[in-house]
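Have a look at the structure below before the remarks.
What follows draws every value from the coordinates through simple rules; no lab data is involved. Computed from a prediction, not measured in an experiment: that's the story for all the values here. Don't worry about glycine lacking a Cβ; one is built from the backbone with ideal geometry, like all the others, and counts go over all protein chains shown.
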Amino acid sequence: MSAQLQASPAYGTFEVELLCGAGGAEVRGLDVSKPLPAATLAELRRALADHCVLFFRDQDLTPEQQKAFALQFGPLAATPFIKPLDGHPEMMRIVREADEKKKLNFGGRWHSDMTFDAAPVLGTVLYSRESPAVGGDTIWSNQMLAFDTLSHGMQRMLEGMTVMHSAKRSYGPQGTYADDDLKSMRISASELALKETPHPCVRTHPENGRKILFINWVYAIRFQDMTEEESAPLLEFLNRHSQRPEFQIRFRWKKGSLAFWDNRSTQHLAVNDYAGYRRVMDRVTIAGDKPYYKP
Ligand code: SIN
């Protein structure tokens, strides 16, 4: 066993190598195409809460096998506003063709998945079918660390605040994707995206009890009972704070890599630096609970 593996926390049913100070753990010794024993699933749940993102290399998965892996952690949640992969209503294919000239890429701004929902997803399982020779990494940011590193005064203030989340800036009639020609993604802008949903600004992790800064650039649009304009300066500060380099976990994809992230405690961003290469990812999301704050 390597020095890094010895330095990593002990799990009885697999080995892990920790990737970054902020989190990220490469899990070794599991074939996730097959059903996993209950003891392994329990340890994976603990590892996910502790390390925010789990990575599995060299997996050979059909869409059915990817869905079956995710289903072991809870029911799947379909992604609204985006046409699913044919024959797989709960799965989305994220494609960017080598010749796409648009400035945008899907998921290219810091966000947590679907926080516009009353019960945003617990986690996301993303699988690489085709990766650029160089570029196209994904970066996550650990929002438990983002909360821990705020001053006590700021923490106390935020603990009493509620933030309104909405998909309108992405999927609303005037949203980023409304007249965009991200031609390989099948996105439908809609009035349904205008709905606003309240969430605590600080949520408690249901498994490890840690406090999480729960805002993001894309979906957290204002504080409750304040206008967007009034909310912008504090949200701007929090959004900048939440993506500090020391909170980040960066992963270089290869065909067959799988990432499983804790969507409750992280934000993420797909890096847009691979013009000229094709990138194809399959994504499923696992249903989550309504966020809550416990003092
Ligand atoms: C996403 O935001 O779900 C996409 C992440 C990626 O493509 O790396």
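Details
- Shown here for segment 234-295: chymotrypsin sites (Phe, Trp or Tyr not before Pro) in loop regions (DSSP other than H, G, I, E, B) with at most 12 other Cβ atoms within 10 Å, namely Tyr292.
- Computed helical MRE - 222 nm, the chain, DSSP H runs ≥ 4 contributing -39500 (n - 2.57), nearest 500: -6000 deg cm²/dmol
- Relative contact order for segment 122-272: 46 percent, from Cα pairs under 8 Å spaced at least 6 residues apart, divided by residue count.
- Taking all Cα pairs closer than 8 Å and separated by 6 or more residues, the relative contact order of the chain comes to 34 percent.
- Summary of packing: across the peptides 164-170, 32-38, the per-residue average of other C-beta atoms within 10 Å ranks them, highest first, as 164-170, 32-38.
- Separation of alpha-carbon centers, segment 10-67 and segment 168-230, rounded to whole Å: 29
- Normalised contact order of segment 92-184, rounded percent, pairs of Cα under 8 Å and 6 or more residues apart: 42
- All Cα-Cα distances of the chain, cut into 10 Å bins from zero to the largest, leave 6, 28, 37, 23, 6, 0 percent in each bin in turn.
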